[in-house]
Amino acid sequence: MNIKTLILTGEGINCENETAHAFSSVGSEVELVHVSDFLKLESLDPYDILAFPGGFSYGDEIRSGKILAEKIKLKQQKNIEKFISDKKPIIGICNGFQILAQLGVFNESGPITLAENNHGKFINFWVEMDVKNQNSLWLQNLPNKLFMPVRHKEGRIIGTPNLEQMALAYKLDINGSYQSCAAMTNKAGNVFGLMPHPEAAIHEFLLPHSPEKSQANLQIFKNAVEYVKRIKK
């Protein structure tokens with residue numbers, strides 16, 4: 001059974017290859033689609049999974065993810081909404097999370113956004129997180145704790161999120177995010193946005209302190225592929 005993942009690339013996105021490697025490692029066919037081509041697609045129906053990788057789309061002009069989010073609202077909003085209502089998996093990592101947040105996909109219980117870290121600095125280090133909610137398809141069969149790198153300046157979640165949508169929480173308060181939130185899902189659990197980078201921590205040699213946790217990070221991508229296999233049977 002072919003599982004097809006669309007991964008955005010271009011215009012400042014720079015983590016597409018790592019994201020593609022993660023999905024291909026768990027059996028998905030991947031297609032890197034340039035932003036300009038993505039915006040022209042008439043339908044997203046041929047794809048099973050949609051991934052918004054990390055990076056600095058459009059140089060993070062105005063604010064992180066803002067320009068690409070506005071372009072998507074203009075050209076692909078209805079297709080994104082259909083993808084979500086069809087219960088297909090979407091993941092947004094770092095800049096991808098910022099884009100999804102500005103599309104409003106996590107606002108079911110109140111508006112949220114990603115603001116500048118409370119200390120005003122770009123951060124680039126490894127973090128440990130608690131898994132808060134395993135109801136989402138993305139969070140099945142995970143241990144209680146995950147270990148990944150973060151690298152962002154605008155990753156502070158503010159607003160009034162429903163705590164049931166909180167997916168991951170930092171062990172330490174690294175940026176002033178609401179309830180130390182590091183990741184969220186929509187209510188249905190098929191859309192997953194996170195500031196840390198699981199695609200950068202799927203091999204043992206990449207993890208400096210907890211190499212055994214690399215397989216847990218890979219499990220996130222495997223969960224999406226296995227979920228699609230189940231619903232396509």
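The values are calculated or read from the model by the stated rules, or taken from the named source; none is laboratory data. Quantities reported herein were computed from a predicted structural model and do not represent experimental measurements. So basically every Cβ, Gly included, is an ideal-geometry build from the backbone, and we count neighbours across all protein chains shown. With ligands, DNA and RNA removed, areas are computed over all heavy atoms of the protein, side chains included. Shrake-Rupley method; radii C 1.70, N 1.55, O 1.52, S 1.80 Å.
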Next item on the list: For the stretch 40-89, compute Rh as the Kirkwood radius over C-alpha pairs and then the Stokes-Einstein diffusion coefficient at 20 °C and 1.002 mPa s; write the answer in µm²/s, rounded to an integer.
Entry: 179
Checklist line | Value of D in µm² per second that Stokes-Einstein yields for the chain, Kirkwood Rh from Cα pairs, at 37 °C (0.692 mPa s) | finding: 190
Margin query: For a quick size check, give me the Cα extents of the stretch 1-124 along its three principal axes, largest first, whole Å.
Written below: 47, 29, 27
Notebook entry, point to check: Considering only DSSP states other than H, G, I, E and B, which chymotrypsin sites (Phe, Trp or Tyr not before Pro) in the stretch 93-122 qualify as loop sites with at most 13 other Cβ atoms within 10 Å?
Noted result: Phe122
Next item on the list: Calculate how large, on average over all directions, the projected area of the Cα convex hull of the stretch 72-165 is; give the answer in nm² to one decimal.
Entry: 6.9
Notebook entry, point to check: Going down the list Lys73/Lys232; Lys4/Lys66; Lys87/Lys233; Lys4/Lys187; Lys82/Lys233, which pairs span over 22 Å between their C-alpha atoms?
Noted result: Lys73/Lys232; Lys4/Lys66; Lys4/Lys187
Item checked: GNM top mover of Lys121, Lys222, Lys213 - the chain, alpha-carbon springs below 10 Å -> Lys121
Notebook entry, point to check: Taking only protein heavy atoms and a 1.4 Å probe, what accessible area per residue, in Å², does the stretch 8-148 have with all protein chains in place?
Noted result: 43
Notebook entry, point to check: At 37 °C and 0.692 mPa s, what whole-number value in µm²/s does Stokes-Einstein give for the translational diffusion of the stretch 99-233, with Rh from the Kirkwood sum over Cα pairs?
Noted result: 217
